[in-house]
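*Asks:* Let me begin by handing over the structure; questions about it come next.
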């Protein structure tokens, strides 16, 4: 009976979505049914628990286990965060333009740290005006094409990490890129994660 009721209640939603009208309000009608089903389920579980202490113990263990798994899966890598910030500080010392890289959000913090106590100007939207430009790499498959296209934006240094596929060939065949001069290597500082900074010598590009 409940399933039949839900089916009738969803008919307007099926009609709307079938006509390409993707409005969430058409499916909100099933919320009361979901509440009833949830209450019924809770009542059933409560009844079983009251009759069986073992079920209560299993439920508590299940909740604790799922909570621990969720917390561990969502926990940030503090080592990677720290090393990303240190690399961001290094690139800020060298330039105010670079490519995007994993955890490049720390560049903004690095800029504030390097200029402290002076702060950037505030824009009309009330936010601090960024003085550092990060050029996106996601639309490129060829590293040389990205470098050539980014020259007009003032790109002189690249931040390389293992998470950006655009730099895979550079990792494997660095000799193919004589116009890229390594200025920083995380291996020299015993970093856990791999980062490199290269200076671009445009005059050496053929």
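For every residue, the table says whether it meets (1) exposed (fewer than 11 other Cβ atoms within 10 Å of the Cβ); (2) part of a helix (DSSP H, G or I); (3) in the same structural domain as residue 166 (by TED's automatic domain parsing); (4) at pLDDT 85 or above.
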{"residue": "42", "(1), (2), (3), (4)": "yes, yes, no, no"}
{"residue": "54", "(1), (2), (3), (4)": "yes, yes, no, no"}
{"residue": "120", "(1), (2), (3), (4)": "no, no, yes, no"}
{"residue": "124", "(1), (2), (3), (4)": "yes, no, yes, no"}
{"residue": "134", "(1), (2), (3), (4)": "no, no, yes, yes"}
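*Asks:* Of the residues that make up the range 4-12, is at least one loosely packed, with under 10 Cβ neighbours inside 10 Å and at pLDDT 80 or above?
*Replies:* No - not one qualifying residue is present in the range 4-12.
*Asks:* Also, I was wondering about something else. Would you pick out the residues in the range 163-195 that are within 20 Å of residue 205 (Cβ to Cβ) and assigned to a strand (DSSP E or B)?
*Replies:* Hits for the range 163-195 are 180, 181, 182, 183.
*Asks:* Follow-up question, since we're still on this one. Can you tell which of 160, 147 is in the same structural domain as residue 94 (by TED's automatic domain parsing) and assigned to a strand (DSSP E or B)?
*Replies:* The match here is 160.
*Asks:* Let me confirm something: among 88, 104, which residue is touching a strand residue (DSSP E or B) at 6+ places or on another chain (Cβ under 8 Å), within 19 Å of residue 183 (Cα to Cα) and without any contact (Cβ under 8 Å) to a residue 60 or more places away in the chain?
*Replies:* Selected residue: 104, the only one of 88, 104 that is touching a strand residue (DSSP E or B) at 6+ places or on another chain (Cβ under 8 Å), within 19 Å of residue 183 (Cα to Cα) and without any contact (Cβ under 8 Å) to a residue 60 or more places away in the chain.
*Asks:* A further question on this structure: Consider residue 38 carefully, then state whether it is within 33 Å of the chain's Cα centre (by Cα), assigned to a helix (DSSP H, G or I), assigned by TED's automatic domain parsing to the domain that holds residue 11 and at pLDDT 70 or above.
*Replies:* no
*Asks:* Tell me the residue from 79, 109 that is surrounded by 11 or more Cβ atoms within 10 Å (Cβ to Cβ) and in contact with a helix residue (DSSP H, G or I) (Cβ under 9 Å, 6 or more places away or on another chain), please.
*Replies:* One residue alone meets the criteria, 109.
*Asks:* Still on this structure: Does residue 165 satisfy the criteria of being more than 19 Å from residue 103 (Cβ to Cβ) and in the same structural domain as residue 87 (by TED's automatic domain parsing)?
*Replies:* Here the answer is no, as residue 165 does not meet what is asked.
The values are calculated or read from the model by the stated rules, or taken from the named source; none is laboratory data. Keep in mind the model is a prediction, meaning the values are calculated, not measured. So basically every Cβ, Gly included, is an ideal-geometry build from the backbone, and we count neighbours across all protein chains shown.
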